[in-house]
Amino acid sequence: MSLMNSNGDGTGKKLGETYVVTSGKGGVGKTTVTASLGAALALRGKRTLVVDADIGLRNLDVILGLESRVVFNIVDVAKRVCKPSQAVIKSKKSNNLYLLPASQTDEKDVINEEEIRKVIEQYRREFNYILIDSPAGIEQGFKNACAAADKALIVTNPEVASIRDADRVVGILHARSIEPQLIINRIDFNMVRRGDMLSVADVQDILGIDLIGVVERDEEVIVAANTGEPVAFNPKSQAGQAFLRIARRLCGEDVPIANYVKGVSFWGRLGRRLGVA
Amino acid sequence: MFNALRERIFGIKTSQSQAKSRLHLVLVQDRSGLSGDEMSDFRLDLLNVLKKYFVISDSGLEVSYQRESASTTLMINSPVLRRKPTILPSNKDTANKNIPNKDKNKVAVEAGKDKNEDAKKAVGNAYVKVEAKDADKDKDLAKDLADKKPGVAQA
């Protein structure tokens with residue numbers, strides 16, 4: 001690692017950027033986004049830690065195919081049962097991708113915000129990126145997941161309930177001075193064309209926050225979950241490519257979000273010119 | 001484009017545009033913290049105030065609550081049919097009768113920060129913009145949530 005002594009602590013290492021991946025509503029794809037984006041960042045050579053903060057409902061381990069290797073978990077690190085290095089598990093597919101699993105047996109409030117902040121702090125020097133998978137809802141589990149994060153990625157589907165909940169979360173994050181960026185997940189451009197799904201522009205317009213990526217609905221995501229290999233490792237899948245693009249944007253590359261133009265047909269473009277669409 | 005045309009000509013709304021308008025409504029309520037009844041009272045009061053100064057149609061009033069980074073902006077958008085003429089008490093009745101309905105006078109009234117895109121929208125509309133920093137409210141809410149013990153919320 002290059003000597004970037006920006007944090008002024010004398011160690012010469014830049015602290016990892018910490019993101020919480022959250023949504024308000026459950027089932028919109030937070031865990032898939034966390035796993036795939038983590039994989040995509042790892043593929044770009046960034047040392048990445050994905051953290052499962054959904055205590056009691058651990059899932060990130062199975063999505064990453066690491067369920068059989070879990071020994072210690074985030075609660076063990078917080079309660080000093082083990083060393084931070086003992087709890088993380090290296091991905092089978094990449095040397096840059098690590099998982100800090102959640103505890104499956106504890107209650108959600110077994111750790112507090114201060115404890116989780118301290119846990120994450122211990123990993124910040126070792127990793128370029130830390131992605132924290134938040135539980136659904138806006139209760140203690142969500143607040144814990146946010147406590148250690150500098151930034152937030154909000155995952156939403158282009159549908160009413162998901163956007164409403166996302167909006168609620170945006171309000172709470174703003175109050176905590178965390179600037180969120182938006183990932184629109186599971187969009188179906190054919191449905192958008194038919195007028196049966198909100199478009200990227202609609203969602204952006206309604207939520208009014210920065211868009212960092214659009215992920216198409218893709219059967220490969222289910223296949224990837226079945227096999228335990230994050231979809232970003234599959235270069236043929238649309239969703240996988242979308243996550244690679246988001247990873248590049250997170251790294252500061254200027255990758256235009258152009259793929260949603262696919263949602264606009266020839267007639268749509270013509271209509272827009274004529275001012276009717 | 002066909003959907004947009006269909007909507008204009010036949011008035012058939014796509015499920016997409018229904019979703020959009022329903023979301024706009026529900027988010028105004030969520031963001032403002034006003035109940036449905038309070039919101040309709042608010043609209044009624046607004047209409048009465050606006051009618052004092054402009055000739056507007058009751059159905060054209062749009063109230064939205066837009067987020068810009070940490071602040072939330074209350075947007076009140078209403079087409080102005082005609083600027084209200086200065087009415088002398090003696091000819092008040094006749095003045096009101098002479099107002100042609102379709103004559104959309106281009107009046108733009110804006111209070112608050114100016115933005116290019118907002119200015120564009122304002123053409124043909126009386127455009128009243130009230131900026132209300134709402135971050136404090138959310139902070140209170142975040143604190144409320146923080147203070148709440150688990151279980152209390154369900155009660």
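The values are calculated or read from the model by the stated rules, or taken from the named source; none is laboratory data. Only a predicted model underlies this, so the values are computations on that prediction, with no experimental measurement involved. All Cβ positions, even for glycine, are placed from backbone atoms using ideal geometry, and neighbour counts span all protein chains on display. Surface areas here come from the heavy atoms of the whole protein model, side chains and all, with no ligands, DNA or RNA. Shrake-Rupley method; radii C 1.70, N 1.55, O 1.52, S 1.80 Å.
Structure data summary
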read-out	value
Long-range HN-HN contacts of B:ILE56 with modeled amide H, under 5 Å	B:LEU81
Using θ = phi - 60° and Karplus 6.51 cos²θ - 1.76 cosθ + 1.60, couplings along segment A:234-242 (whole Hz; Gly, Pro as x)	9, x, 7, 7, 4, 5, x, 5, 4
Residue among A:ALA42, A:ALA152, A:ALA161 with the largest mean-square fluctuation in a Gaussian network model of chain A, springs linking Cα atoms under 10 Å	A:ALA161
³J(HN,Hα) computed for each position of segment B:5-14 - Karplus, 6.51 cos²θ - 1.76 cosθ + 1.60, integer Hz, glycine/proline x	5, 4, 5, 6, 7, 9, x, 8, 8, 6
Residues losing 20 Å² or more accessible surface upon assembly, segment A:133-152, compared with the chain by itself, 1.4 Å	A:ILE138, A:LYS143
Under 5 Å, built H, 5+ apart or other chain: amide partners of A:MET197	A:VAL192, B:GLN16
Neighbour net charge for A:VAL70 - beta-carbon separation under 12 angstrom, K R +1, D E -1	-2
Prolate/oblate/rounded call for segment B:3-84, Cα gyration tensor, a/c under 1.5 rounded	oblate
Placed amide H near A:LEU15: partners under 5 Å, 5+ positions off or other chain	A:ASN7
Evaluated at q = 0.14 Å⁻¹: base-10 log I(q)/I(0), Debye formula over Cα of chain A	-0.96
Kirkwood Rh, angstrom, segment A:74-184 [1 / mean 1/r, Cα pairs]	15.3 Å
